[in-house]
Every structure is written in C-alpha cells, then in structure tokens.
1. If I filter the range 71-88 for residues that are of a type in the set (Lys, Arg), outside any strand (DSSP E or B) and in contact with a helix residue (DSSP H, G or I) (Cβ under 7 Å, 6 or more places away or on another chain), do I get at least one hit?
2. Look at residue 123 and say whether it is β-branched (Val, Ile, Thr), surrounded by 15 or more Cβ atoms within 10 Å (Cβ to Cβ) and not in a helix (DSSP H, G or I).
3. Is it fair to say residue 290 is touching a Gly at 6+ places or on another chain (Cβ under 8 Å) and assigned to a loop (DSSP other than H, G, I, E, B)?
4. Restricting to the range 338-362, what's the tally of residues that are part of a loop (DSSP other than H, G, I, E, B), over 21 Å from the mean Cα position of the chain (by Cα) and of a type in the set (D, E, K, R)?
5. Has the range 255-263 got at least one residue that is at pLDDT 95 or above, of a type in the set (Asp, Glu), more than 20 Å from residue 239 (Cβ to Cβ) and touching a Lys or Arg at 6+ places or on another chain (Cβ under 8 Å)?
Amino acid sequence: MSLLTSQPEFERLCERIRKAGLVAFDTEFVSESYYRPKLCLLQFAVDDVICAVDPLRVDNLTSWWDIMVDDETTVVVHGGREEIRFCQFATNDRPRKLVDTQIAEGLRSRGYPLSHTNLVSRVLGKNVKHGKETRTDWERRPLLDRQLSYALDDVRYLREIWETQSESLEAVGRLDWALSEFERFVQTIIGEEDRDGWLKLPGYSRLSRRDMGTARDLFLWRDRLAEIENKPPRRVLRDDLLVDVAKRHPKTVKELNMVRDMNRRDYQRHAKDIVDVVNLSLETPDEDLPVSTRNNSYPSQDEVLARILGLALANRCQELGFSMPLVGTSADLKELVRWHVFDKRQGPTPKLFDGWRGDVCGSILIDVLDGNVTLRVADPTSENPLSFDVDR
C-alpha cells in the first residue's frame, strides 16, 4: 500500500502532479474535537499512481496547496467542501480548476447528491465496498492496510468518472454549465468563512434587536475562545444555551446559573466571562445593534407562489433529465418570486434567473408568475404527467 511519510517523497509526487496536469484528490480528517477539522490524510490519483500522504509525518504541504490554487492543474474531487476549505485555510486563496463529480452528475442525471459508492456504481458500473471503515479514527496511527485501501478507493475512480461525465455533458451542451457550477460551488464555500455566523443561531431571527446584539457578542466571544482552545465552539457553549442567555441578560453569575444546564462544570469555568460579555453588550447604543432579520415586507402570497413554481421547476428538470436539488431550493424559488413580483426586478438577479439556470428554467418560471401558463395533467401515467402550456 502506498503511504508517503517523508518530505522528499511528497515533493516528487507534487512534481509528478504538475507534469500530469490532472489529479484526483480527497482527504480524511477528524472534526469532532477541534475548532477546525484536523487534516489526517491526503489521497491522490495521478497517472498510474494511487497513493496517500500522511500529514502527521510530512510537515510542509505547501507544494500541494500551490498546485491546487494554480491555473494549470485540474483537481477532481467528490463533494469537495472540506477539500476547498483546507486549501483556503492553508493559502488564503481558492482552487482555480476544481472539478466536482457530485455536481457534474447532477447535471447529467437526476442523481444529486450521490454518495461516492453510488456514483461509482452509476457511472462505471463498479462496486466499491466500504465496510466498517467509515467509522475510522483517522488521527490514530498506525493506519491499517484496510483503512488505507478504503481511503484510496475514494480517488481510485474519480478521473475515469470525470472523463465519462465530461464527454456526456459536452455531447448535450452542458459542459459549460458544469464548469460555471464548479466555480459557483468554490465561491460559495469560500464566502462562508466571511459570513456572520450568529445569524444561523436557532431562533435568532425571532429575538429583539437588543437580544440579537447580546447573542452576536456571545457568539464572537465563544468563537475566539474556541479558536484559542482549539475545540468546536459548541463545546464552549451550546447554541441553545447561548440564545437563552442572550434573552435573559443575566447580570451576575448567580442569575446565569438560573439558566438550565449552565451549572455544568465546563460552563462554570467561563461563567464570569459570559456575564461580563452580557453586561458589556447591554451598553451597546441602539444604533449599533443588529438590524432585525425578520422580513415582514413581503405578503404571504410569496409562499404559495413559490410552491407553484416548484411544480414547474420539478417538471422542467424531469423533462431535461437533471437534478432539481442542484438547480434550486425552495428559498431560491421564493427569492425569484420576490424579485420579479414584489421588487419589480430591482436588486441582484436571483440565482434561478442567472446563467444557465435562467436559460433553461427562468423563462417558464417567469411565464408562470405572469399568468401566461396553463397547468394541466397531460398523462398521469407518464414520467412527465404535467404540462405547462404557454398562452401567448
């Protein structure tokens, strides 16, 4: 089994990748105990070489990250969210030529998102048995042969899969769609690092502005401490407790301990700091508090209209043979309704009216909203039972 554990071996592999210009890439990591996932293994398939690199033995991975952000090398992944994030953290940059086989499959079939095992079976007709290794602790050493075999299987077939997918997509004129979707995927993952994470706290949108301010300050305090202690933020303070504290505004440790579960020993270590954050947040001027995220400016009809558009979009995706979950979500449909109907097309172009999505789906969705379409059941026994007839 090929496991590289020395810097010279790794550098020679990177040189081979540069010359080849195409490489399959995957990682194994652990995330349960760390602020950010800890990289434990890198797997590569290039030319006739399939190997893994042990980052716990190879200290300097710069040569690989430089390849991942260059304009020369195509990097093939499957569901590559974490691979993109590892690259971002290492380089403060983004992959330039990334191909994601999971996304590609969603543009040539209704299979999205497919697991790696199901993708290999669907595209190549091969069976990959993962057995019990899905529960491997990748941080433990030494790794067993069966663990390495499992890890290497994740890259073994990716280049062949992408070759099949790209030929198929080009034949139906969708290869450019795939390339633009890979870029959108990368940009979305990179953008997540810059977003205001407190907006995702449970029940945040229902808080008052003052409570939002306290929740934001507690979130930022928790994140700083979690990074210092290198542990998941929720191990410092659970989300639900953070929001509860933000609503109660305890001014003393005694008041803080009246919140259920706050008397746990690990929380008591930071009890005074939590109270200090709350008290300081209460001094924030009203004008500096977060703006409410509740959007009451749109009538309730947007929900009904979005559901009708969902039928049209599902029918369109069925006709064209690609995956609706990749094309648009219920939130995307609602965004289109608000932009076209209530905002009179003011503001940024919504996702479903942009690029290839606009070309293949945008017109029919707009026709539905404008009342130019008659919906009828054409054949209840067919794969496409509905018919959206444009009345012009």
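The values are calculated or read from the model by the stated rules, or taken from the named source; none is laboratory data. What you are looking at is a predicted structure, and each value in this text was computed from that prediction instead of being measured. Cβ: placed from backbone, ideal geometry, glycine included. Neighbour counts: every protein chain shown.
1. The initial filter retains those residues of the range 71-88 that are of a type in the set (Lys, Arg), namely 81, 85.
After this cut, where a residue has to be outside any strand (DSSP E or B) as well, the list is 81, 85.
Checking the rest, the ones that are also in contact with a helix residue (DSSP H, G or I) (Cβ under 7 Å, 6 or more places away or on another chain) come to 81, 85.
The answer is yes; a qualifying residue exists.
2. Working: β-branched (Val, Ile, Thr): yes; surrounded by 15 or more Cβ atoms within 10 Å (Cβ to Cβ): yes; not in a helix (DSSP H, G or I): no.
Here the answer is no, as residue 123 does not meet what is asked.
3. Working: touching a Gly at 6+ places or on another chain (Cβ under 8 Å): yes; assigned to a loop (DSSP other than H, G, I, E, B): yes.
Yes.
4. 3
5. So far as the range 255-263 goes, yes, one or more of its residues are at pLDDT 95 or above, of a type in the set (Asp, Glu), more than 20 Å from residue 239 (Cβ to Cβ) and touching a Lys or Arg at 6+ places or on another chain (Cβ under 8 Å).
Residues are listed down the side, and each one gets a yes or a no for (1) assigned by TED's automatic domain parsing to the domain that holds residue 232; (2) in contact with a strand residue (DSSP E or B) (Cβ under 6 Å, 6 or more places away or on another chain); (3) under 20 Å from residue 19 (Cα atoms):
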| position | (1), (2), (3) |
| --- | --- |
| 38 | no, yes, no |
| 41 | no, yes, no |
| 46 | no, yes, yes |
| 61 | no, no, yes |
| 85 | no, no, no |
| 88 | no, no, no |
| 100 | no, yes, no |
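Let's see how each residue does on (1) at pLDDT 90 or above; (2) of a type in the set (Lys, Arg); (3) surrounded by fewer than 19 Cβ atoms within 10 Å (Cβ to Cβ):
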residue: 341; (1), (2), (3): yes, no, yes
residue: 352; (1), (2), (3): yes, no, no
residue: 356; (1), (2), (3): yes, no, yes
residue: 368; (1), (2), (3): yes, no, no
residue: 373; (1), (2), (3): no, no, no
residue: 377; (1), (2), (3): no, no, yes
residue: 383; (1), (2), (3): no, no, yes
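This table checks each residue for (1) surrounded by 15 or more Cβ atoms within 10 Å (Cβ to Cβ); (2) in a helix (DSSP H, G or I).
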| residue | (1), (2) |
| --- | --- |
| 152 | yes, yes |
| 167 | no, yes |
| 185 | yes, yes |
| 212 | yes, yes |
| 228 | no, yes |
| 241 | yes, yes |
| 246 | yes, yes |
| 260 | no, no |
